[in-house]
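Visitor: This is the structure I want to talk about, given as structure tokens.
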Amino acid sequence: MAGPAVRAEGLRKSYGPRMAVDGVTLQVRRGECFGFLGPNGAGKTTTMRMLACLSSRDGGMLEVLGLDPDRDPRRLKALLGVVPQEVNLDLELTVLENMLVYARYFGMPRRLAHERAMELLRFVDLHGRAADTVVRLSGGMQRRLQIARALINDPEMILLDEPTTGLDPQARRLVWERLRDLRARGTSVVITTHYMDEAERLCDRLVVIDHGVVVREGAPAQLVRDEVGAEVLEMRAPESDAARLAAATSPRHVVAGEVVLAFGDDSDTMRRAADATGITWEMVAERRATLEDLFIVLTGHSLREGGTG
Ligand SMILES: Nc1ncnc2c1ncn2[C@@H]1O[C@H](COP(=O)(O)OP(=O)(O)O)[C@@H](O)[C@H]1O
Ligand SMILES: [Mg+2]
């Protein structure tokens, strides 16, 4: 099938007076791993739910795998795998039973469902736990089971809402590996995350989203290079001098009280410019620019602070 995996134009959704998604425009290409990066409350889940036929939109155009989720949910659901933000497994049933219940939903014959379920449990390294009730699994295992279950219908695209939130580093890595495998097989992958390292590692392209609006769209490294530069100089200076120090150090900077973040292509040059001001300043850090810096430059606040500021 031709055309992008997702095409959204001016997508909107509000809850009462609150505009959760306020005119989102983006395109996901077939076969890529695409990310929604933004703090809590940015509108990631609301957007994801509209893509996944889990909630209707208030306005705008939306096409997922060539279909309109509001008009053609049944056909679209057959082509999608969905891992929602919350754990929605049946905790009283076994791992295998959870898989089979889902297969029945897609009308798969029993034998095929069983074969496919075991194959997918192997894929997420849970085949040894097939007979265990889900309540006995760790958080990371439950997440992997949700991923396996979302793949039962061999979807063209999988949508995952914060797939690794709350997982320990090892469990996160396992999920990342599986998502990379899926992408390598040609499955389109869309994830939401507020972890910039996750977005940086996994995503071919992403949108930075804040307050229900897409702030930027592009490849992570390219976005950082274009908007931030290669290097960051983190300095501390008396609050009364901070703004002047920042302005002299680099045209791209953020000031928060005594802390100055200066962004540029070369930190030596920035350091010399800072020294030339005669202001007494203290080095906090000198490092490579990341998506977190991009986020600060674009929104004026960090991912951890959240989008309410
Ligand atoms: N069911 C709901 N009822 C009312 N407000 C909601 C509901 N779901 C989300 N919101 C609000 O919409 C905004 C976006 O939320 P959400 O899409 O969950 O953001 P994210 O997933 O990026 O954390 C937030 O301000 C949130 O409080
Ligand atoms: Mg969310």
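The values are calculated or read from the model by the stated rules, or taken from the named source; none is laboratory data. Source: prediction; values computed, not measured. Here the Cβ positions follow ideal geometry from the backbone for every residue, glycine too, while neighbour counts run over all protein chains shown.
Per-residue answers, yes or no, for (1) in contact with a strand residue (DSSP E or B) (Cβ under 7 Å, 6 or more places away or on another chain); (2) of a type in the set (D, E, K, R); (3) closer than 25 Å to residue 149 by Cβ:
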residue	(1), (2), (3)
30	yes, yes, yes
59	yes, no, no
64	yes, no, yes
78	no, no, yes
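Visitor: Let me ask another. If residue 246 satisfies all but one of (1) under 30 Å from residue 121 (Cβ atoms); (2) buried (at least 18 other Cβ atoms within 10 Å of the Cβ); (3) out of contact with any Lys or Arg (no Cβ under 8 Å at 6 or more places or on another chain); (4) not acidic (Asp, Glu), what's the number of the condition it fails?
Guide: The one condition residue 246 does not meet is (1).
Visitor: With respect to the numbered conditions (1) assigned to a loop (DSSP other than H, G, I, E, B); (2) in contact with a helix residue (DSSP H, G or I) (Cβ under 6 Å, 6 or more places away or on another chain); (3) modelled with pLDDT under 95; (4) not aromatic (Phe, Trp, Tyr), which one is the sole condition not fulfilled by residue 292?
Guide: So residue 292 meets the others, but not (1).
Visitor: Something else about it: Please list, ordered by first then second residue, the pairs with beta carbon atoms under 8 Å, 6 or more apart or interchain, first in region 87-105 and among the charged types (D, E, K, R), second surrounded by fewer than 19 Cβ atoms within 10 Å (Cβ to Cβ) and in a helix (DSSP H, G or I).
Guide: Taking only residues 6 or more apart or on different chains, the pairs are 90/97; 90/101; 92/135.
Visitor: Give 97, 119, 86 a once-over and let me know the one that is assigned to a loop (DSSP other than H, G, I, E, B) and in the same structural domain as residue 144 (by TED's automatic domain parsing).
Guide: Exactly one of 97, 119, 86 is assigned to a loop (DSSP other than H, G, I, E, B) and in the same structural domain as residue 144 (by TED's automatic domain parsing), namely 86.
Visitor: Can you tell me which residue among 165, 193 is buried (at least 18 other Cβ atoms within 10 Å of the Cβ) and within 13 Å of the chain's Cα centre (by Cα)?
Guide: So the residue among 165, 193 that is buried (at least 18 other Cβ atoms within 10 Å of the Cβ) and within 13 Å of the chain's Cα centre (by Cα) is 193.
Visitor: Take residue 26 and tell me if it is farther than 28 Å from residue 202 by Cβ and in the same structural domain as residue 183 (by TED's automatic domain parsing).
Guide: no
Visitor: Determine whether region 11-20 contains at least one residue that is part of a loop (DSSP other than H, G, I, E, B), crowded, with 20+ Cβ neighbours inside 10 Å and touching a residue at least 24 places away in the same chain (Cβ under 8 Å).
Guide: no
Visitor: Being assigned by TED's automatic domain parsing to the domain that holds residue 39, within 16 Å of ligand 2 (Cβ to nearest atom) and either at pLDDT 95 or above or farther than 28 Å from residue 37 by Cα (or both), is that true of even one residue in region 122-139?
Guide: No, there is no match, as no residue in region 122-139 is assigned by TED's automatic domain parsing to the domain that holds residue 39, within 16 Å of ligand 2 (Cβ to nearest atom) and either at pLDDT 95 or above or farther than 28 Å from residue 37 by Cα (or both).
Visitor: Conditions first: (1) within 28 Å of residue 102 (Cβ to Cβ); (2) within 16 Å of ligand 1 (Cβ to nearest atom); (3) β-branched (Val, Ile, Thr). Residue 28 passes all but one, so which condition is the exception?
Guide: The failed condition is (2).
Visitor: Please work out which residue is nearest to residue 223 (Cα to Cα), limiting yourself to region 7-21 and to residues that are of a type in the set (D, E, K, R) and within 16 Å of ligand 2 (Cβ to nearest atom).
Guide: 13
Visitor: Report, ordered by the first and then the second residue, all pairs with beta carbons closer than 8 Å, sequence separation of six or more or different chains, a first member in region 215-229 that is touching a residue at least 60 places away in the same chain (Cβ under 8 Å) and assigned by TED's automatic domain parsing to the domain that holds residue 201, and a second member that is among the hydroxyl-bearing types (Ser, Thr, Tyr) and part of a helix (DSSP H, G or I).
Guide: Pairs that qualify, where the first residue is touching a residue at least 60 places away in the same chain (Cβ under 8 Å) and assigned by TED's automatic domain parsing to the domain that holds residue 201 and the partner is among the hydroxyl-bearing types (Ser, Thr, Tyr) and part of a helix (DSSP H, G or I), are 215/299.
Visitor: If you go through region 52-73 one residue at a time, do you hit one that is surrounded by 17 or more Cβ atoms within 10 Å (Cβ to Cβ), in contact (Cβ under 8 Å) with a residue 40 or more places away in the chain, closer than 25 Å to residue 178 by Cβ and within 16 Å of ligand 1 (Cβ to nearest atom)?
Guide: For region 52-73, residues surrounded by 17 or more Cβ atoms within 10 Å (Cβ to Cβ), in contact (Cβ under 8 Å) with a residue 40 or more places away in the chain, closer than 25 Å to residue 178 by Cβ and within 16 Å of ligand 1 (Cβ to nearest atom): present.
Visitor: What's the total number of residues in region 32-54 that are within 13 Å of ligand 2 (Cβ to nearest atom) and in a loop (DSSP other than H, G, I, E, B)?
Guide: The qualifying residues number 8.
Visitor: Among (1) over 19 Å from the mean Cα position of the chain (by Cα); (2) modelled with pLDDT of 95 or more, which single condition is residue 25 missing?
Guide: That leaves (1) as the condition not met.
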